[in-house]
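Q: Pasting in a structure now, in structure tokens, and then I'll have a few things to ask.
The values are calculated or read from the model by the stated rules, or taken from the named source; none is laboratory data. As the structure is a prediction and not an experimental result, all values here were calculated from the model. In this analysis, Cβ positions are derived from the backbone assuming ideal geometry, glycine residues included, and neighbour counts consider all displayed protein chains. These accessible areas exclude ligands, DNA and RNA; they are computed on the full protein's heavy atoms, side chains included. Shrake-Rupley method; radii C 1.70, N 1.55, O 1.52, S 1.80 Å.
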Amino acid sequence: MRLRTPLIASATVALGLGLTLVPVTSASAAPDTACMRAGISVLKEVGLFSTVAKGGLPIAAAVSYGVTPRAGTDVASLPDPLPLSVVLADHRAGESSLFVYPWCS
């Protein structure tokens, strides 16, 4: 019997060996893209999106919009300003983020 896709072949081999298939990520580990989209919307609404994309987001500016460091976050160890890629990744991190975003709760 010829299997057409690697996924099916892998699943068949795993089941043939008596192994249990476990998803690579769980729903709780999925990136919080809704939070990230909300963060992008906030930056656009306050007119900062292009500025942050070019030069980063100063932590003080984020705090002025209600963002708070999550317990255990060492703010002094973070780059200031935060690059947009870091801001977006932190929004996607959900409960593991460095900051708590009021628009994501």
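Q: Would you kindly find the accessible area of Cys104, with a 1.4 Å probe and non-protein molecules such as ligands, DNA and RNA excluded, rounding to the nearest 10 Å²?
A: Rounded to the nearest 10, the figure is 40 Å².
Q: Could you please state how large a percent of the accessible area of region 60-103 is carbon and sulfur, counting protein chains only and using a 1.4 Å probe?
A: 61
Q: Run the quick spin-label model on Ala89 and Ala34: label points 7 Å from Cα toward the beta carbon, then report their separation in nm to one decimal.
A: 2.5
Q: Work out how much length Asp80 to Thr68 would gain on full extension: take 0.36 nm times their residue separation and subtract the Cα-Cα distance, in nm to one decimal.
A: 2.8 nm
Q: 5 Å is the cut-off here: which amide hydrogens, built 1.01 Å from N in the peptide plane, fall below it relative to Gly56, excluding neighbours closer than 5 in sequence?
A: Leu84
Q: Separate question: At 1.4 Å probe size, what's the solvent-accessible area of Thr51? Round to the nearest 10 Å².
A: Taking all protein chains as shown, Thr51 has close to 80 Å².
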